[in-house]
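One structure is given here, and the rest of the page talks about it.
The values are calculated or read from the model by the stated rules, or taken from the named source; none is laboratory data. None of these values were measured; they are calculated from a predicted model. Quick reminder, even Gly has a Cβ in these numbers, built from the backbone with ideal geometry, and neighbours come from all protein chains shown. To get the accessible areas, we keep the full protein, side chains included, count just its heavy atoms, and leave off ligands, DNA and RNA. Shrake-Rupley method; radii C 1.70, N 1.55, O 1.52, S 1.80 Å.
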Amino acid sequence: RDSNRHVKVKQKSAVLNMLKKLDKIRFRGHKRDEFLDLAESPNASDTECGDEIPVKIPRTSTRDNEELRDPAGPGTIIMAAGVQDFNRTESDRLNEIKGHLEIALLEKHFLQEELRKLREETNAETLKQELEKERQRRLELEQKVNEVLKARTEEVSAAQQPAKPQAQANGTDKRSHTVSSRVQKWFFDKFGEYVEDFRFQPEESTVETEEPLSARRLTENMRRLKRGAKPVTNFVKNLSALSDWYSIYTSAIAFIIYMNAVWHGWAIPMFLFLAILRLSLNYLIARGWRIQWSIVPEVSEPMEPPKEDLTVSEKFQLVLDVAQKAQNLFGKMADILEKIKNLFMWVQPEITQKLYIALWAAFIASCFLPYRIIGLAMGLYAGIKFFLIDFIFKRCPRLRAKYDTPYIIWTSLPTDPQLKDRSNATVSRRLQTAASRSYVGSSAPAGISKDEDTSRFHTTKRGNFHEIFNLSENERPLAVCENGWRCCLINRDRKMPTDYIRNGVLYVTENYLCFESSKSGSSKRNKVIKLTDITDIQKYKVLSVLPGSGMGIAVSTPSTQKPLVFGAMVHRDEAFETIFNQYVKITSASSSSES
């Protein structure tokens, strides 16, 4: 019995040693509270779920306790605990060891993640590279400093070395050496900096930081641009006022002075004198003098103080205004550049041919005629054109459209969008003529004219127009809206979401306002409104939060309690003018027929 007890205690002591080693692995590194619990671990086994297995500890009798006691005394409690743990079932011990092993693996995984994060934060390699770069820079600077010091020491030594042989030579040699050294020193002091400036150095690529979008900065830049462009705009206004004879006496005096200067060959000195006079006046104005040298009186616009805090709608409206001005400015500049490009690229040969002949004539004249006569002719033509011909053409537009050759050439030059539209129009016209010929030859009945045939068989994407809206065959969209306007119909009398808003296309005929729904092919979802039944039509703003006048049209009829709204229309103003003009035309015609 004693031998059995000794074996049991020995086996249990081995188990206890294993558990102690696992505990050391488990609690190494971070604290236990920083890691996941075994029941919360995602990699836990089926036996380690939330329900813990109660461990049954068998009760030991007093007799067994007495047998387990060690006569030595101190180790009896440990041995008793070992025997109690040994009495557990084998599966419980395996499960416990398995759990400790999984905790150790999780801790190892967490420690690896922490090590990886620490490596990423430190970035030892990048630090080493930066240190190497700094070392190279320091070495380069040291080399440059050493070179400068060597050069200076050589200069000093060169200046001091001749002093020894000079003591043995005569006085004239001493004076010559001192004079040459002084000359060299003076030359180096005066021109050494300029020589250093011509040393080639590699260019440093600098990237300018862009400022973030700010409403305050945007308004400030707009005002700066307006103030900076004010002198240029004033100069252009004064030139146009001279050409338009805004002040008769001023224009007459300027015309006489200019023609006299051109006739005597003083045009260039006259312009230089005017530039000097303008700078002198600007100097006096900057010193505080009040001088106004302008043909057109300047109107001082009130400067609005900048707002500190702008609301969201005001910021959005400001961005829209700036975008609109930038769009119009860029459009004008693009038109000018495209016209010049098309003029030189023979896009319209009849216009470029005139420029070609004029350049050949100017070349031949410059080869055979003296420059004084050419300058006199050009100056006289420019003065007569600016002061007399342009004044007559501006007052008589018909004469300008017939005889002003530069104006005719410039207006007739196309831009790239105009060329694209022309090409598309010619292609579509060819297709229409070919289709109409084939259709008339195959299925058009005799006795029907061309206009009746095209109006009868006008089609949309879903079929014939009159069949979709159940109208007569003579009803067809107007020329302005043959393809219709994309929009959404908002019927506020309906409460279902599918009936409340419908996407589709809006058409206008001579007598009806037709909406074709895009979701269903049936005609039940389409809407036909007779123009004479409309009681009110006006522009509408669907969302009052957004700035501007909106993108919708509200139409009121007797059959609806609330007006029908055609919203989300990109070309809202064009659609409104077309509908309103046709509505006025139909109502006036019906009222005149009734009277």
Give the residue that is farthest from Glu147 (Cα to Cα), with candidates limited to residues of the range 195-226 that are modelled with pLDDT under 75 and assigned to a helix (DSSP H, G or I). Ala215
Where Asp533 falls short, out of the listed (1) in contact with a strand residue (DSSP E or B) (Cβ under 8 Å, 6 or more places away or on another chain); (2) modelled with pLDDT of 85 or more: (1)
Would you confirm whether any residue within the range 451-459 is surrounded by 15 or more Cβ atoms within 10 Å (Cβ to Cβ), at pLDDT 85 or above and of a type in the set (Lys, Arg)? no
Tyr246 passes all but one of the listed conditions (1) in a helix (DSSP H, G or I); (2) open to solvent by 90 Å² or more (accessible area, probe 1.4 Å); (3) of a type outside the set (Val, Ile, Thr); the exception is number (1)
Given the criteria part of a helix (DSSP H, G or I), at pLDDT 90 or above, among the aliphatic types (A, V, I, L, M) and more than 27 Å from Met222 (Cα to Cα), does Ile357 qualify? yes
Residues to consider are Lys226, Lys190, Lys237, Lys230; find the one that is basic (Lys, Arg) and touching a residue at least 12 places away in the same chain (Cβ under 8 Å). Lys237
What's the number of the condition Ala444 fails, among (1) part of a helix (DSSP H, G or I); (2) at pLDDT below 75; (3) surrounded by 12 or more Cβ atoms within 10 Å (Cβ to Cβ)? (1)
Candidate set from the range 465-480 (those that are crowded, with 19+ Cβ neighbours inside 10 Å and in a helix (DSSP H, G or I)); member that is farthest from the chain's Cα centre (by Cα): His466
Residue pairs, Cβ under 6 Å, 6 or more apart or interchain, first in the range 346-358 and surrounded by 11 or more Cβ atoms within 10 Å (Cβ to Cβ), second among the β-branched types (Val, Ile, Thr) and assigned to a helix (DSSP H, G or I). List them. Trp346/Thr352; Ile351/Ile409
Selection from the range 569-595 of residues assigned to a helix (DSSP H, G or I) and among the β-branched types (Val, Ile, Thr) yields Thr578, Ile579, Val584, Ile586, Thr587
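Does Leu380 qualify as being modelled with pLDDT of 90 or more and in contact with a Lys or Arg (Cβ under 8 Å, 6 or more places away or on another chain)?
On the way: modelled with pLDDT of 90 or more: yes; in contact with a Lys or Arg (Cβ under 8 Å, 6 or more places away or on another chain): no.
Judged against the criteria, Leu380 is not a match.
Is it the case, given these coordinates, that Glu516 is open to solvent by 90 Å² or more (accessible area, probe 1.4 Å) and at pLDDT 85 or above?
Numbers: open to solvent by 90 Å² or more (accessible area, probe 1.4 Å): no; at pLDDT 85 or above: yes.
Here the answer is no, as Glu516 does not meet what is asked.
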